[in-house]
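Below is one structure, written out as structure tokens; the observations come after it.
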Amino acid sequence: MNSYHNRLGRGVVYLGSSRMGPGHPHYSQTQELAREIANLLDCTTWTGAGPGLMDAAIKGAQEAGKAVGGFKIGKEAGEWTTSKFHPYLPSETYLTCRFFSARKHGLVDAVVRSSSSDKTAVVALPGGVGTLDEMFEILALIQLERIGSELPVPFIVMNYDSFYAKLLDFLDDCEDWGTVSKVNKCMEQKQEAHVNKSLKMF
């Protein structure tokens, strides 16, 4: 996996639904967001190389003319068939993983900053069980200081249409109960302009 990171460069990792296709408003929002962030940070865009919002992030980065990398699995949620190949990405830009855990490993490594010149972040888009699994694994690694202990990595939740409102309320309750440390607090954002402002400060 490290060969992919070394060759393409670390960057911004997008987590999101495979089910929200081009006809969904969150798809166009994600495409615009990924284009703007790729231009702002001049970095590689990493996704699970699947359909839905992952595809939107890929297309946004390609519109910006920036590098794209991915770790796909053979069969995404909502798909009927298994495939080792991406429909349009060059084969040297993605790796097909047999297990979901391997994909997560690849995405985590893509966001870990090895030097201050690395511009990375995690952007959590609306999604289902797989997206939540990825989100909470990364948040746990942040709490354990496996990510961002020396060089901070922004974790941004795109709360489109208040999609994550109840989850964020739950995390607030967890903090009140003392079960979640403040390091696990997410930067909640609803609009692209707010994200760009946050990342400019980073």
**Residue count for segment 141-170, restricted to those that are on the phi < 0 side of the Ramachandran plot and part of a loop (DSSP other than H, G, I, E, B)** = 12
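Can you name every residue in segment 61-77 that is over 22 Å from VAL123 (Cα atoms) and either at pLDDT 95 or above or surrounded by 14 or more Cβ atoms within 10 Å (Cβ to Cβ) (or both)? Break it down into steps so the answer makes sense when it comes.
From segment 61-77, those over 22 Å from VAL123 (Cα atoms) are 74-75; that's our starting set.
Once the filter is applied, which keeps residues that are over 22 Å from VAL123 (Cα atoms) and either at pLDDT 95 or above or surrounded by 14 or more Cβ atoms within 10 Å (Cβ to Cβ) (or both), segment 61-77 yields only GLY74.
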**Prompt:** If you take the residues of segment 148-200 that are among the polar types (S, T, N, Q) and touching an Asp or Glu at 6+ places or on another chain (Cβ under 7 Å), which of them is modelled with the lowest pLDDT?
**Reply:** ASN196
**Message:** Given the criteria crowded, with 21+ Cβ neighbours inside 10 Å, over 22 Å from VAL112 (Cα atoms) and of a type outside the set (Val, Ile, Thr), does ALA34 qualify?
**Reply:** no
**Request:** Please go through segment 104-136 and pick out each residue that is closer than 14 Å to GLY148 by Cβ, in contact with a helix residue (DSSP H, G or I) (Cβ under 6 Å, 6 or more places away or on another chain) and of a type outside the set (A, V, I, L, M, F, W, C).
**Result:** ASP109, LYS119, THR120
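Collect the residues in segment 1-33 that are aliphatic (A, V, I, L, M) and either at pLDDT below 95 or under 9 Å from LEU53 (Cβ atoms) (or both), keeping them in residue-number order. Working first, answer last.
Going residue by residue through segment 1-33, those that are aliphatic (A, V, I, L, M) are 1, 8, 12-13, 15, 20, 33.
Of everything in segment 1-33, those that are aliphatic (A, V, I, L, M) and either at pLDDT below 95 or under 9 Å from LEU53 (Cβ atoms) (or both) turn out to be MET1, LEU8, LEU15, MET20.
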**Asked** Which residue pairs have Cβ atoms closer than 6 Å, lie 6 or more positions apart in sequence or on different chains, and pair a first residue in segment 97-121 that is in contact (Cβ under 8 Å) with a residue 60 or more places away in the chain and within 19 Å of SER18 (Cβ to Cβ) with a second residue that is among the β-branched types (Val, Ile, Thr) and crowded, with 18+ Cβ neighbours inside 10 Å?
**Response** LEU107/VAL13; ALA110/VAL13
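The values are calculated or read from the model by the stated rules, or taken from the named source; none is laboratory data. What you are looking at is a predicted structure, and each value in this text was computed from that prediction instead of being measured. Ideal geometry is used to build each Cβ from the backbone, glycine not excepted, and the neighbour counts take in all protein chains shown.
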